[in-house]
Amino acid sequence: MENCNVNVQMPTINRNYCQFDGVKVLYYLQKKEDALPLLDNTLKNTNDEKEVCEALYIADRLIENGVKGVDKMYPTFARFNDTKSPNIQTFLAGVYRKTKVPDAFGPLCKMLIQNSINPPKEPQLFDPNEEIGGAILDYLA
């Protein structure tokens with residue numbers, strides 16, 4: 001499936017959530033475990049915020065649908081551990097919260113601390129610290 005972000009809409013002042021390409025999301029969900037190499041390839045080869053958020057959203061939906069093996073993609077997810085994008089941080093923390101890969105605990109703590117030390121100068125549409133903090137609490141539970 002072509003990795004095009006034309007149908008991805010990031011949050012706006014009037015809409016505090018992302019909208020993704022429903023056809024593309026359904027395509028990946030129908031492929032189940034066979035979707036993982038495609039998703040992994042997308043995440044390894046893009047730095048486009050829209051594309052990364054959509055791929056992380058798809059990973060999250062795959063987990064919710066019982067697809068096994070998403071946790072094995074941690075090395076690919078980890079390339080975004082140092083992102084400053086509140087959108088990517090939010091989706092990444094959501095995936096980590098559900099996979100509970102032990103190696104993700106440290107990066108989650110680091111994200112939260114760095115966001116606290118260097119808060120955004122402008123108000124954000126997503127507060128990644130809510131999802132990051134929730135993920136950390138789930139790890140500790």
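Considering only residues in the stretch 116-132 that are touching a helix residue (DSSP H, G or I) at 6+ places or on another chain (Cβ under 6 Å) and either without any contact (Cβ under 8 Å) to a residue 12 or more places away in the chain or assigned to a helix (DSSP H, G or I) (or both), the one that is surrounded by the most Cβ atoms within 10 Å (Cβ to Cβ) turns out to be 132. For the stretch 97-115, the criterion of being touching a residue at least 60 places away in the same chain (Cβ under 8 Å) and either open to solvent by 70 Å² or more (accessible area, probe 1.4 Å) or over 21 Å from residue 44 (Cα atoms) (or both) is met by none of the residues. Against the list (1) aliphatic (A, V, I, L, M); (2) part of a helix (DSSP H, G or I); (3) more than 21 Å from residue 125 (Cβ to Cβ), the condition residue 95 fails is (3).
Of all residues in the stretch 46-81, those satisfying the criterion of being in contact (Cβ under 8 Å) with a residue 12 or more places away in the chain and in a loop (DSSP other than H, G, I, E, B) are 46, 48, 65, 67, 68, 69, 81. Residue check: residue 17 meets all listed conditions (1) farther than 26 Å from residue 82 by Cβ; (2) at pLDDT below 95; (3) surrounded by fewer than 17 Cβ atoms within 10 Å (Cβ to Cβ) but one, namely (1).
If the condition is being surrounded by fewer than 16 Cβ atoms within 10 Å (Cβ to Cβ) and either charged (D, E, K, R) or in contact (Cβ under 8 Å) with a residue 12 or more places away in the chain (or both), then the stretch 26-37 contributes 27, 29, 32, 33, 34. Within 18 Å of residue 45 (Cα to Cα), crowded, with 19+ Cβ neighbours inside 10 Å and at pLDDT 95 or above - does that describe any residue in the stretch 60-68? Scanning the stretch 60-68, I find no residue that is within 18 Å of residue 45 (Cα to Cα), crowded, with 19+ Cβ neighbours inside 10 Å and at pLDDT 95 or above, so the answer is no.
The values are calculated or read from the model by the stated rules, or taken from the named source; none is laboratory data. Quantities reported herein were computed from a predicted structural model and do not represent experimental measurements. Heads up, the Cβs are rebuilt from the backbone with ideal geometry, glycines too, and the neighbour counts pull from every protein chain shown. Only protein heavy atoms, including side chains, enter the accessible area calculation; ligands, DNA and RNA are left aside. Shrake-Rupley method; radii C 1.70, N 1.55, O 1.52, S 1.80 Å.
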